[in-house]
Amino acid sequence: MTFGIDRRSFLKTATATAAGAMATRVLPAWADSEKSLVAVSLPLATFSYGDVQLLDGPMKRQFDENHARFLNLDDDRLLKVFRQVAGLPAPGEDMGGWYDLTGFTLEGNDFHGFIAGHSFGQYVSGLARAYAVTGSDATRAKINRLVKGYGETLDPKAKFFIDYRLPAYTYDKLSCGLIDAHEFAHDPMAMGIHEKLTRAMVAYLPEKALSRAEQRSRPHKDTSYTWDETYTLPENLFLAYQRSGKPFYRDMAKRFLEDDSYFGPLSEGNNVLPFEHAYSHVNAFSSAMQAYITLGSEKHLKAAKNGFEMLQTTQSFATGGWGPNEAFGEPGTGQLGGSLTQTHASFETPCGAYGHFKITRYLLRTTKDARYGDSMEQVLYNTILGAWPIQPDGTSFYYSDYASTGKKVWYRDKWPCCSGTFPQLAADYHISTYLRSPDGVYVNLFTPSTVRWKDGSGNYGLKQETKYPFDNKVQIRVSGSQAKEYTVYVRIPGWSQPNPVLSVNGKRVSGPVEPGRFANVRNNWKDGDLIELELPMPLRLEQVDANHPNLVALVQGPLVLFAVADSQPTFDRSALLAAKASNNATGDWLASSVDGSNVAMRPFMNIDKESYSTYVLLKG
Ligand SMILES: [Zn+2]
């Protein structure tokens, strides 16, 4: 998402045509002097989706797969539940799975399902972001049809939500889809429908964000599922305010900030994560960031920063994934190591990675701290890039399994939450790869790609070529219609010890190139200049938690190497660290176990149906 947009660029964007989505933005945006709807302009901005193109590689493949999947999903099926409840003709097949009508009765009809239409807004959002990347006319036409079709089902009281199991949960996604349809596809109806929906939704929401403890104390007529996620609402409400200029959105966003039981304690350094639902509470960090951006609230910035640090230090696996059984555990109890024998639901992958990318992108933009980029790439390579693509019938990859031993499996229900976040995240790969500052460009992720921008009369760009993380070299070629002085910042991952090498046109740069920081090269850049990065990628071991010192993951650079075997292997520490690259198509390493067999150690993105152990045993 592109945040910090001001009134003038909002109007510019809103009047842009289809070609506008592909146009590059003028650098720097900071020159705009008109009054902004935000209190804080973050030091780093995202590029527009269309400024970045991914080239052949796994990230582009996931983006293309998701774009095609939802572009080709029948409109009537997507709109069916909304039309059914509105009493309109509702042709087309049922979607199935989570998407069909929930168990309620309307005008004598009994409906069954889980969370009807819950992910409709996310599919629209994913399409809108994909349109911003590709400028595809078919995609924009589909967004326009879906928004119009949804609008036709919406009455002034939003009766769809009468006795609805999770009104905030589904409203939040609809809100996001409509905002994105407006912002990225310039849909003419989306913000009007958004306002009508939001004003009606108030009747179905509590007076404030409710923690789970508070929800428990309020009996709900539907006792089968009483957890709604009111605490994630502010992010999109603040965005609706920024995009529309209407203060009622901002006031509603403030009302749903979960300050008493979550952001307040987090801002003071109290770890209140344990026992909370994992993904939605990480997602809520992005609401805190929007409170900082929109209102200038330092408390909410502290809450997001502290909360994220607690996530990393007390809840995370070596893969960067977190929240076994979708819950946070109590630090110091060995809960992560314990989970390896208790559950196969180790990390809710597309949703978790989506939330993780959002908060690390916000924090990176705020702090310019390269460690947030490190965390983003850890989740990228070890979780989401190993997710199987959503199937035409909605069958989806949901949990990564870190159990000893684990396996990749499909989720039992079709069209779950993770089918909604996956297309959004895959589009967001574009805005996560490069960032911009008033003085230059940040290279955050290493992947085959281009970024383009305009400055005055000049056109500039960078093109990355790399097989990273399966090769330790990255080449960045500079392009420009004329020579221009600016700074290229390159993330030097924290693990790249010792002596990462950065050079320009074959000459090593003189400034510091320190692991865990962005190296910067200020130059009068000319067309054809070449920046080269060479990162040491030593093998290292990471224990699952302090209570299980003999349960370790083998890690090389950003990649966790999973032991491919039907049972959890045991190694001598030195033998494991002496693993050798086996030079094959699956990126395997081979390590000799204590029983003398050679065990293949394989990155998650190259695992298919085989059994594996994320953590192996060290001989005690
Ligand atoms: Zn999910």
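The values are calculated or read from the model by the stated rules, or taken from the named source; none is laboratory data. Quick caveat, the model's predicted, so the values are computed rather than measured. Don't worry about glycine lacking a Cβ; one is built from the backbone with ideal geometry, like all the others, and counts go over all protein chains shown. All accessible areas refer to the heavy atoms of the entire protein, side chains included, with ligands and DNA or RNA removed. Shrake-Rupley method; radii C 1.70, N 1.55, O 1.52, S 1.80 Å.
Quote to one decimal, in nm, the extra length available between Thr343 and Asn325 on full extension: 0.36 nm per residue of separation minus the C-alpha distance between them.
Here the segment from Thr343 to Asn325 would lengthen by 5.8 nm.
Contact order normalised by length for region 248-395, with contacts defined as Cα pairs under 8 Å and 6 or more residues apart; what percent is it?
Relative contact order of region 248-395: 23 percent.
If you stretched the chain out fully between Val202 and Lys473, how much longer would it get, using 0.36 nm times the residue separation minus the C-alpha to C-alpha distance?
Length difference between fully extended and current span is 92.3 nm.
Per residue, how much accessible area does the chain have with a 1.4 Å probe, in Å²?
For the chain, the solvent-accessible area averages 36 Å² per residue.
Which of Leu127, Pro392, Val52 sits farthest toward the positive end of the charge dipole of the chain, with +1 on the Cβ of Lys and Arg and -1 on the Cβ of Asp and Glu?
Of the listed residues, the answer is Val52.
Of all the stretches in the chain, which is the longest one without any exposed loop site, taking GluC sites (Glu not before Pro) in a DSSP loop (any state but H, G, I, E, B) with at most 16 other Cβ atoms within 10 Å?
269-609
Name the helices (complete DSSP H segments) of the chain with a Cα length along the long axis of 20 Å or more and a Kyte-Doolittle mean of at least -0.5, or state none.
The answer, listed by residue number, is 120-134, 167-185, 278-295, 349-367, 418-433.
I'd like the FRET efficiency for Asp439 and Asn499, computed as 1/(1 + (r/R0)^6) with the beta carbon distance as r and R0 of 25 Å, rounded to 0.05.
Rounded to the nearest 0.05, the efficiency is 0.40.
Give, rounded to the nearest 20 debye, the magnitude of the charge dipole that the chain has about its Cα centre when Lys and Arg contribute +1 at Cβ and Asp and Glu contribute -1 at Cβ.
For the chain, the charge dipole is close to 1380 debye.
If I take all pairs of Cα atoms in region 124-280, what percentage of them are more than 20 Å from each other?
Result for the distance tail: 54 percent.
In whole percent, and with a 1.4 Å probe on the protein chains, what portion of the accessible area of region 503-561 is carbon and sulfur?
That fraction is 43 percent.
Once you have a ≥ b ≥ c as the square roots of the Cα gyration tensor eigenvalues for region 200-318, tell me rounded if a/c is under 1.5, and otherwise prolate or oblate according to whether a/b is larger than b/c.
oblate
Spin-label point model (7 Å from Cα, Cβ direction): what's the Lys580 to Asn550 distance in nm?
Roughly 2.8 nm, to one decimal.
Using the Cα centre of region 258-338 as the reference point, and only Cβ charges (+1 on K/R, -1 on D/E), how large is the resulting charge dipole? Debye, rounded to the nearest 20.
220 debye
If R₀ is 60 angstrom, what is the calculated FRET efficiency for the pair Lys609 and Lys157, using the beta carbon separation as r and rounding to 0.05?
Efficiency, from the Cβ-Cβ distance: 0.75.
With the Cα gyration tensor of region 545-611 giving a ≥ b ≥ c as the square roots of its eigenvalues, does the rule (a/c under 1.5 for rounded; else a/b larger than b/c for prolate; else oblate) give rounded, prolate or oblate?
The shape class here is rounded.
Using +1 on the beta carbon of Lys and Arg, -1 on that of Asp and Glu, and nothing else charged, what's the dipole of region 147-257 about the Cα centre, debye to 20?
For this selection, approximately 320 debye.
Which one of Ser592, Gly264, Trp453 has its Cα pushed farthest toward the positive end of the charge dipole of the chain, where Lys and Arg give +1 and Asp and Glu give -1 at the Cβ?
Trp453
If you stretched the chain out fully between Arg218 and Asp64, how much longer would it get, using 0.36 nm times the residue separation minus the C-alpha to C-alpha distance?
Roughly 51.0 nm would be gained on extension.
At a Förster radius of 30 Å, what calculated FRET efficiency corresponds to the Cβ-Cβ distance of Phe248 and Met189, to the nearest 0.05?
0.95
If you take every residue apart from Phe63 with its C-beta less than 10 Å away from the C-beta of Phe63, what net charge results, scoring Lys and Arg +1 and Asp and Glu -1?
0
When Lys and Arg each count +1 and Asp and Glu each count -1, what net charge do the other residues less than 14 Å away from Pro416, Cβ to Cβ, add up to?
-2
List the residues whose amide H sits under 5 Å from the amide H of Val594, counting only those 5 or more places along or on another chain, with H placed 1.01 Å from N in the peptide plane.
Thr570, Phe571, Asp572
Here is the link list: Lys173/Lys414; Lys208/Lys305; Lys173/Lys305; Lys305/Lys619; Lys196/Lys254. Which ones come out longer than 28 Å on Cα distance?
In this structure, Lys305/Lys619 exceed 28 Å between Cα atoms.
Please report Rg over Rh for region 135-209, where both radii come from the alpha carbon positions and Rh follows the Kirkwood definition.
Looking at region 135-209, the ratio lands at 1.01.
Does anything in region 508-539 have its amide N under 16 Å from the 7 Å Cα→Cβ label point of Lys463, and if so which residues?
Of the residues in region 508-539, 526-532 have backbone N under 16 Å from the label point off Lys463.
Could you work out Rg/(2.2 N^0.38 Å) for the chain, with Rg from alpha carbons only?
Output field value: 0.95.
First select every other residue whose beta carbon is under 12 angstrom from the beta carbon of Pro43; then total the charges, Lys and Arg +1, Asp and Glu -1.
For residues surrounding Pro43, the net value is +1.
Per Stokes-Einstein, at 20 °C and 1.002 mPa s, what whole-number D in µm² s⁻¹ belongs to region 282-440, with the Kirkwood radius over Cα pairs as the hydrodynamic radius?
131 µm²/s
With point charges of +1 on the Cβ of Lys and Arg and -1 on the Cβ of Asp and Glu, referenced to the Cα centre of the chain, which listed residue (Gly117, Asn524, Leu79) lies farthest in the positive direction of the dipole?
Asn524
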